[in-house]
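The values are calculated or read from the model by the stated rules, or taken from the named source; none is laboratory data. What you are looking at is a predicted structure, and each value in this text was computed from that prediction instead of being measured. We place every Cβ from the backbone using ideal geometry, glycine too, and count neighbours over all the protein chains shown. Surface accessibility is based on the protein's heavy atoms, side chains included, excluding ligands, DNA and RNA. Shrake-Rupley method; radii C 1.70, N 1.55, O 1.52, S 1.80 Å.
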Amino acid sequence: MSDDVAATEPPDQSGSDATAEPFTYNGGRVDPGESANIRYGISETYLGDPVRIPVTVINGELPGPTVFLSAAAHGDELNGIEVVREVAHDWDHSVLHGTLVCLPVMNVPGFLAQERYLPIYDRDLNRSFPGREGSTSARRMAHRIFTNFIEPCDLGVDFHTSTRGRTNMLHVRANMERSDVGRLAKAFSSNVIIAGEGPSGTLRREATEAGIPAITVEMGEAHRFQRRLIDRALTGVASVLAEFGLHRESSVHWPGWRTIIDDDNEKTWLRADAGGIVDMKRGRGALVEKGEVICTITNPFKEEEDIVTVEAPFTGLIVGVLENPVVYPGNPLCHLVGLSDDTLTALERERTTESSRSELRRND
Ligand SMILES: [Zn+2]
C-alpha cells in the first residue's frame, strides 16, 4: 500500500475504529511503525553549546496508549537508565500497540558531574516540574522535557534510586487515592507500594495532576548498576505494558505478596542518637522482629560502654537503609515499615517457597 493510500484510508488493524497516530514534539514527528533516537536540546552550556537529552520514541504500527519511561532526573541515580535503555533498544516492539517515549537521562548536567542535582546552583530537577518558560534554568529545562515528551503521554514511570550513601528495596511510590494511578502502581507488581501524592514539583506528582497517571519506582543505590534490581524492574515494565495493552503477548505479573503502605501503617525513619561508626546487622528488604537489633553505633575505640544499640521499635520491613556507615546524631539509619498480619503471613510463606521471584530473598 502506498503512503498516499495509507494517509487517506488507514487500515484498521486493531479491530476497533482507532488508528495509530504520529507522535509529535516541537521540531519533529515519529510516525506509526517508526522509531527515532533524538537528541533534544533543553538548555545551553556556558560555551553556548546545546545541552541535549537522549530520547527514544518507538511508535507502534497499532493504536494504543503513549507511555513514558524516564530516569536520572537525579543525575547519579543510574539503575533506571539501564532499565529504560533495555526496554528501548533490547526489547522486540514489532507488535507494539501504542507508543513508548524513553528518557534514560533527563538531568544531563547532573549525570555528567555524577551528582544528584543540577550543578552550580544545586537545583533539583525533580522539584522543578512542570517547569516554566522565562523562569530559572531548572524550570526551563523541566518545561522543555514536560511539554514535549510528558504531556503527549497517557501514563508513565519515573525511575529513581536512594540518595547517595543509602539503598532502597525496589518499591513504587504512587498516589493511591487516584484509581488510575493505583492501577498503574499495582501493574508494576512490586511487593511494596508507598502511598502518597509526592512532593510538589516531582515529575510523578505534576504529571498525575496534569492528567497523566505516573508513579515513581525506587530501586537500590546511586552510582551503580544492580543487575537483579534492574531485571526486577524490567519485569515490572513488561507487566505495565501488558496491563495497558501495549504488549498483548505479555501477561500481568503478580509479585506473590503486596503491601500498600499508607497513613495507617506504622512507619518510621530510625535516626542515630549518637555520632559514630555504624555496624548494620540487617539489610535492604529484611524483615525484623520488634526488639531485634538492627545496628550498633560505636566510637573509634570500640569502647564497650559507648556502644549504642538500635532495636526495631516494631516488627517490620526495612525498605531503605544506610550504606555509608558513618553518622552524626540525627542522621537516618533505616526506613522501617510495619506490615499487616496477612502480609506477614504471605511474606513468610513466600520465603519458604523456592520458586519465589521476590527481591527479598536476594541481596542485590
Ligand atoms: Zn531520585
- Note on the structure: Exactly one of Met176, Met141 is more than 13 Å from the ligand (Cβ to nearest atom), outside any helix (DSSP H, G or I) and either open to solvent by less than 30 Å² (accessible area, probe 1.4 Å) or farther than 20 Å from Ala88 by Cβ (or both), and that one is Met176
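Can you confirm whether Asn148 is surrounded by 20 or more Cβ atoms within 10 Å (Cβ to Cβ) and not in a helix (DSSP H, G or I)?
no
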- Query: Can you tell me which residues in segment 119-135 are within 12 Å of the ligand (Cβ to nearest atom) and either open to solvent by less than 50 Å² (accessible area, probe 1.4 Å) or outside the structural domain of Arg164 (by the TED database) (or both)?
  - Reply: Asp124, Leu125, Asn126
- Note on the structure: Scanning segment 211-231 for residues that are farther than 19 Å from Asp124 by Cβ and open to solvent by 10 Å² or more (accessible area, probe 1.4 Å) gives Gly211, Pro213, Arg224, Phe225, Arg227, Arg228, Asp231
- Item | Index of the failed condition, Thr216 passing every other in (1) in the same structural domain as Ile307 (by the TED database); (2) within 18 Å of the chain's Cα centre (by Cα); (3) of a type in the set (Val, Ile, Thr) | (1)
- Given the conditions (1) at negative phi; (2) modelled with pLDDT under 95, every one holds for Gly165 apart from (1)
- Just wondering, is there one or more residues in segment 82-99 that are in contact with a Ser or Thr (Cβ under 9 Å, 6 or more places away or on another chain), within 13 Å of the ligand (Cβ to nearest atom) and assigned to a loop (DSSP other than H, G, I, E, B)? no
- Just to be sure, is Arg116 surrounded by fewer than 19 Cβ atoms within 10 Å (Cβ to Cβ) and within 16 Å of the ligand (Cβ to nearest atom)? no
- Subset of segment 205-259 [of a type in the set (D, E, K, R) and either assigned to a loop (DSSP other than H, G, I, E, B) or out of contact with any strand residue (DSSP E or B) (no Cβ under 7 Å at 6 or more places or on another chain) (or both)]: Arg205, Glu206, Glu209, Glu221, Arg224, Arg227, Arg228, Asp231, Glu243, Arg248, Glu249, Arg258
- Among (1) part of a loop (DSSP other than H, G, I, E, B); (2) among the acidic types (Asp, Glu); (3) in the same structural domain as Gly196 (by the TED database), which single condition is Asp273 missing? (3)
